[in-house]
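Below is one structure, written out as C-alpha cells; the observations come after it.
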Amino acid sequence: MNEKAKQYFDSLKGKKVAFVGMGVANVPCAEFLAKQGITVYACDKRDREYIGKDICERLDALGVNFSLGDDYLSVLPDMDLVFRSHGILPFQNPWIGECIERGQKVTTEMEVFFKLCPSKIFAVTGSNGKTTTTTLITNMLREQGYKVYLGGNIGKALMPELETITENDIAVVELSSFQLLTMGNMKDTPDVAVVTNIECTHQDHHISLDEYVDAKRNVLIYQNSDCRTVLNADCDYSIGNRVYHDMRYDVRGKLSEFSIQHPVERGAYMNENGEIIYKDGDAETYVMNKDDIRIPGSHNIENYCAAISAVWGYVDKENMLKVARNFAGVEHRIEFVREFDGVKYYNDSIATSPSRVISGLRAFGRKIIVIMGGSDKGNDMSEMVPDIFKYVKILVLNGATADKIYDTVVNYDGYKESGLEIVKTDNLENALKEAKARTQKGDIVSLCPACPAFDQFKTFEYRGRKFKELVNGFGE
C-alpha cells in the first residue's frame, strides 16, 4: 500500500465508519476497512435476506456492526465518517445534509480512490457506451502489457485495490453521473478523461438535465495541461438549458476527438472506406478496418474510436487490432445467447433508453423480433419509433411501461402502414414465450427493453441473466 493511502486508513482507526447502502461497491469496501482494524457499521433499509446471507456472514466474521430496517440511519449521529452508496443522491436524502451540519464527512469509495490512487487513471463517462469503451481501453492496455485495475460503475469497487496498486499500474474507471455528482473540485483528476456522448436520460434521479450534464462535466473540468480529454465530435455536448455552453470549452488538457462521420484534428475517425484512422494534425495512421471489429453495430465502431483516442501513445496499433478481432463483447450488450431451432437470441438488457434501443436495432440491419418494457425513468419513447417501424416486425411488450410504449407507437404517424405486430403481456418470462411462439427459422429475437429493470428485477444484469437462463432452457 502506498504511503498516502496507509496514512489515510491509519487515521480511521479508533473512529466509527458507516456504509449506507450495502451494494456492489460498499460491501467490499466495508470488508476492506474492517480488515484494517477499523470499526465499521453496515447500514441498509433492506434486511439480511435481501443483502445476501453469504455477504452478511462474511461481514459478521469481520466484526462489522449492522443497522438494518426502517431505523437503519439511527446510528449515523455517532459516526465519524459516512460512505454513501453511489446511487444515494444528496437532494433525495436529507440525512446527508444532516450529517454535514453535524460536522461529519460524507464521501464515496470512488472519491477516496481518486484521492489516494498512485497510478495513472483513465476515466470514462457518458450516457451510452461507457462499459464497452471502458472494457476496450482495459483490454488494449493489458494487451500492451500493463497491469490494469478495472472498476467503478462497471461493477467493481476499487478502494480495496489501494492495497496493491502501484504507480506503474493503470486504473481504468467507469463513472456514472451519480458517482460524478459529488466529485467536484477533484485535486486528483483522471490523466485521461473520456465522455462518450450526452443525451437526455436519468431525469427520474436528477433535479434537472443541467445537473446531469454538470455531473458528467466533473470528469474533465479539473484536469490540467498534462491531461488528455476525449470527446465525441459527432455529439452536441451543449445539451440542456445552457445551449451555448459546449463541454469542449471546459477542456483544460489536450483535446482528442473521435468520429464515424468525418475527420478530426486529433483522434480516431472512420473514413468513407470504413478505415479507422488516427489523425494528429497532418499526420495520419491507419489502425484497422471496421470489418476487423468482431462486435456488431456502428455504435461499437464509435466505442473503438473512443478507446483508440484514449490509449494512443500507450498502446501499439497492432495490439489494438488484436483486441478488435478477438473481443466478443460485454455481457448484456447485444450479447449472443444461443441459436435454437434456427432462431438466434440476443441479450441487450443494457438498452435502458431509446437511444440504446436505436443502436441495438440498427446493429442487425434487418427486421427482428424485439422484447421491450420495464420500469419508467421518464424517457420520451417517441425517439425510437421510426427505427422500430424500420427494424422490428414483432414487438412484444411487458412490464410497467408496456402501455406507455404501446400508446407511443400506435399513435405515431406511419404505424398502420408499418405492418408492425404488437403483443402485450405481463412479465419477461411470458414475453419470451410470446416471442418464441411467433418465430420462424432464420429469425432474430432480441431483449432490447428501452427501460430499466426495477419493475421485475434488481438490475438490468439480473434481467439479462434471467433471459439467458430462460433461452438456454429451451428444449429441456
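The figures follow:
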read-out: Complete set of residues in the range 316-339 that are crowded, with 24+ Cβ neighbours inside 10 Å and at pLDDT 95 or above; value: MET320, VAL323, ALA324
read-out: Filtered residue count, the range 114-160, keeping only those that are closer than 19 Å to PHE178 by Cα and in a loop (DSSP other than H, G, I, E, B); value: 9
read-out: Count - residues of the range 321-343 that are over 30 Å from ARG438 (Cα atoms) and out of contact with any strand residue (DSSP E or B) (no Cβ under 6 Å at 6 or more places or on another chain); value: 5
read-out: Residue count for the range 190-219, restricted to those that are modelled with pLDDT under 70 and more than 17 Å from ASP376 (Cβ to Cβ); value: 2
read-out: Residue among GLY274, GLY297, GLY240 that is modelled with pLDDT under 90 and under 30 Å from ARG366 (Cα atoms); value: GLY297
read-out: Selection from the range 457-476 of residues that are in contact (Cβ under 8 Å) with a residue 12 or more places away in the chain and surrounded by fewer than 16 Cβ atoms within 10 Å (Cβ to Cβ); value: ASN472, PHE474, GLY475
read-out: THR166 vs. criteria polar (S, T, N, Q) and assigned to a helix (DSSP H, G or I); value: no
read-out: Positions within the range 261-315 being closer than 21 Å to THR125 by Cα, open to solvent by less than 60 Å² (accessible area, probe 1.4 Å), of a type in the set (Ser, Thr, Tyr) and not in a loop (DSSP other than H, G, I, E, B), in sequence order; value: TYR269, TYR304, SER309
read-out: Condition check for GLY419: of a type outside the set (S, T, N, Q) and either open to solvent by less than 10 Å² (accessible area, probe 1.4 Å) or more than 23 Å from the chain's Cα centre (by Cα) (or both); value: yes
read-out: Meets criteria (open to solvent by 40 Å² or more (accessible area, probe 1.4 Å) and in contact with a strand residue (DSSP E or B) (Cβ under 6 Å, 6 or more places away or on another chain)) for ILE137; value: no
read-out: The range 336-391: number of residues that are outside any loop (DSSP other than H, G, I, E, B) and either under 18 Å from the mean Cα position of the chain (by Cα) or acidic (Asp, Glu) (or both); value: 11
read-out: Filter result for LYS115 (charged (D, E, K, R) and surrounded by fewer than 24 Cβ atoms within 10 Å (Cβ to Cβ)); value: yes
read-out: Pairs with Cβ under 6 Å, 6+ apart, first in the range 148-161 and within 19 Å of GLU331 (Cβ to Cβ), second β-branched (Val, Ile, Thr) and open to solvent by 20 Å² or more (accessible area, probe 1.4 Å); value: GLY155/VAL24
read-out: Of all residues making up the range 74-105, the number that are crowded, with 19+ Cβ neighbours inside 10 Å, under 30 Å from VAL195 (Cβ atoms) and without any contact (Cβ under 8 Å) to a residue 60 or more places away in the chain; value: 1
read-out: Count of the range 77-111 residues which are under 29 Å from VAL219 (Cβ atoms) and part of a helix (DSSP H, G or I); value: 14
read-out: Any strands (runs of 3 or more DSSP E) falling wholly within the range 6-68 and containing at least 2 residues that are surrounded by fewer than 17 Cβ atoms within 10 Å (Cβ to Cβ), of a type in the set (Gly, Ala, Ser) and on the phi > 0 side of the Ramachandran plot; value: none
read-out: Residue identified as of a type in the set (S, T, N, Q), closer than 30 Å to PHE457 by Cα and touching a strand residue (DSSP E or B) at 6+ places or on another chain (Cβ under 9 Å) among ASN347, ASN273, ASN300, ASN289; value: ASN347
read-out: Residue within the range 220-237 that is modelled with pLDDT of 95 or more and hydroxyl-bearing (Ser, Thr, Tyr) present; value: yes
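One line per residue, one yes/no per condition, for (1) within 24 Å of PHE364 (Cα to Cα); (2) open to solvent by less than 50 Å² (accessible area, probe 1.4 Å):
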position: ILE394; (1), (2): yes, yes
position: GLY399; (1), (2): no, yes
position: TYR415; (1), (2): yes, no
position: LEU432; (1), (2): yes, yes
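The values are calculated or read from the model by the stated rules, or taken from the named source; none is laboratory data. Computed from a prediction, not measured in an experiment: that's the story for all the values here. Every residue, glycine among them, receives a Cβ derived from its backbone with ideal geometry; neighbour counts consider all protein chains shown. Areas reflect the complete protein model, heavy atoms only, side chains present, ligands, DNA and RNA absent. Shrake-Rupley method; radii C 1.70, N 1.55, O 1.52, S 1.80 Å.
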